[in-house]
Amino acid sequence: MDIIVTRDLTKEFNGLTAVDGVSFSVKKGEIFGFLGPNGAGKSTTINILTTLLLPTRGTATVNGYDILTQQDDVRRSIGIVSQDVVLENELTARENLILHGEVYGMARREIEERIPRLLKLVELEGREDSRVKTFSGGMKRRLEIVKSFLHKPEIIFMDEPTTGLDPQSRRVVWDHINYLNKEEGVTIFLTTHYMDEADYLCHRIGIMDFGRLLDLDTPENLKNKIGAGDLVDIGFTGDGEAFVREVQEGCGWEVRSHEPGHLRIAANRAELSLMKLVRIAEETGVTIDSLSVREPTLEDVFIHYTGRAIREQAAENVTRAVLRRLR
Ligand SMILES: Nc1ncnc2c1ncn2[C@@H]1O[C@H](COP(=O)(O)OP(=O)(O)OP(=O)(O)O)[C@@H](O)[C@H]1O
Ligand SMILES: [Mg+2]
């Protein structure tokens, strides 16, 4: 069953198309992720689906409810973990949860009953009466996650749930997300610009860039689509022309990229052919300086679709406005 369905979802801000005709669906029980760099349109999509923003065009249903005409029903069905921390710093963990529950119309007793279990879930037991301002970033995130789950929503939207956390805290947050999904049956829609996070957590991933959905599939299928097998990176010294030709023609390997001194090829079971590679280097007068064999990552998938790495963001932010105007 599809718990989220969007059709041609589009959002324009003063001529800038932040979300550009996006259509997809999320299955009930899934951890679904949007992977994309800064400004890709991830938060804007979440804001539309959570009824915080109206789309310029297009429609969507969330838990079967229309985001334009059944906003109250949508809101009751969902929990939200925003990109920025949304907690009352001067209030304690318990008070934050009570405040949230009351906003959702829960009875005070029901909230109080749920608090100990929820705080235990995210290892914050014993801290219920501490003010949130004394919490670390990771503790705040964990509190936000259980807060979003307090009113037992069907779906939780999490906008970059681990951005800014250290690796260990990220792991802990991942465990909690998995727990909510597996044990509590909550559908999770998350956004991230971390490849490893998308790979580890998500059942399916939508790759987003400049407001467009470039592909949507399981992490495995996404990686397989760009060519089965391993990626081999070769650093070398010497005139590479004959070397590259031989590697391509002689071994039938697929050359992915070729710059002076560097060659990337895709090969099935590359380890079996490394001796051959060394021989070709010798025969064509090239010295191999470095060699690495690895499985493709989602970063390779992103590069395949966009021609650049997801982390190349500084330059991108500058060119973004220009590119949008040219389109
Ligand atoms: N309220 C707004 N008014 C004008 N432009 C906006 C507004 N909100 C977002 N944008 C623009 O829309 C584009 C998409 O922004 P969005 O916040 O959805 O990206 P994102 O994928 O969440 O990025 P990040 O990873 O940085 O959070 C950006 O170019 C942004 O500047
Ligand atoms: Mg965002």
Please identify the pairs in which a residue from segment 22-36 that is within 14 Å of THR59 (Cα to Cα) has its Cβ atom under 9 Å from the Cβ atom of a residue that is among the acidic types (Asp, Glu), counting only partners at least 6 apart or on another chain.
VAL22/ASP8; SER23/ASP8; SER25/ASP2
Kindly establish whether GLY79 is away from ligand 1 (no atom under 16 Å from the Cβ) and surrounded by 19 or more Cβ atoms within 10 Å (Cβ to Cβ).
yes
With the condition kept exactly as written, say whether any residue in segment 129-142 is under 18 Å from ILE46 (Cβ atoms), touching a strand residue (DSSP E or B) at 6+ places or on another chain (Cβ under 7 Å) and of a type outside the set (A, V, I, L, M, F, W, C).
no
Is it the case that THR218 is under 30 Å from GLN168 (Cβ atoms), polar (S, T, N, Q) and loosely packed, with under 13 Cβ neighbours inside 10 Å?
yes
Take THR45 and decide whether it is of a type outside the set (Gly, Ala, Ser) and either touching a residue at least 60 places away in the same chain (Cβ under 8 Å) or within 16 Å of ligand 2 (Cβ to nearest atom) (or both).
yes
Of the conditions (1) closer than 19 Å to LEU214 by Cα; (2) modelled with pLDDT of 95 or more; (3) within 16 Å of ligand 1 (Cβ to nearest atom), THR51 satisfies every one except a single condition; which number is it?
(1)
Of the conditions (1) under 22 Å from the mean Cα position of the chain (by Cα); (2) away from ligand 1 (no atom under 16 Å from the Cβ); (3) at pLDDT below 95, ILE4 fails just one. Which one is it?
(3)
Residue ranges of helices (runs of 4 or more DSSP H) in segment 49-164 with at least 3 members farther than 24 Å from LYS28 by Cα:
93-103, 108-121, 137-149
For segment 1-32 the number of residues that are more than 13 Å from ligand 2 (Cβ to nearest atom), in contact with an Asp or Glu (Cβ under 8 Å, 6 or more places away or on another chain) and part of a strand (DSSP E or B) is 8
From the option list THR44, THR59, THR51, single residue qualifying as over 22 Å from GLU160 (Cα atoms), among the β-branched types (Val, Ile, Thr) and in contact with a Lys or Arg (Cβ under 7 Å, 6 or more places away or on another chain) is THR59
Do any strands (runs of 3 or more DSSP E) lying entirely in segment 213-292 carry at least 2 residues that are over 30 Å from LEU201 (Cα atoms) and without any contact (Cβ under 8 Å) to a residue 24 or more places away in the chain, and which ones are they?
254-259
Considering every residue within segment 32-55, establish whether at least one is in the same structural domain as ASP199 (by TED's automatic domain parsing), surrounded by fewer than 18 Cβ atoms within 10 Å (Cβ to Cβ) and touching a Gly at 6+ places or on another chain (Cβ under 8 Å).
no
Sole residue being in contact with a Phe, Trp or Tyr (Cβ under 9 Å, 6 or more places away or on another chain), among the polar types (S, T, N, Q) and modelled with pLDDT of 85 or more, chosen from SER290, SER273
SER290
Would you be able to say whether some residue in segment 190-212 is part of a helix (DSSP H, G or I), farther than 16 Å from ASP300 by Cβ and more than 16 Å from ligand 1 (Cβ to nearest atom)?
yes
Within segment 99-116, identify whether any single residue is β-branched (Val, Ile, Thr) and under 30 Å from ALA198 (Cβ atoms), and answer yes or no.
no
Is it the case that some residue within segment 222-240 is aromatic (Phe, Trp, Tyr) and within 16 Å of ligand 2 (Cβ to nearest atom)?
no
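The values are calculated or read from the model by the stated rules, or taken from the named source; none is laboratory data. Predicted model, so just to flag it, every value in this text is computed and none were measured. No Cβ is skipped: glycine too gets one built from the backbone with ideal geometry, and neighbour counts run over all protein chains shown.
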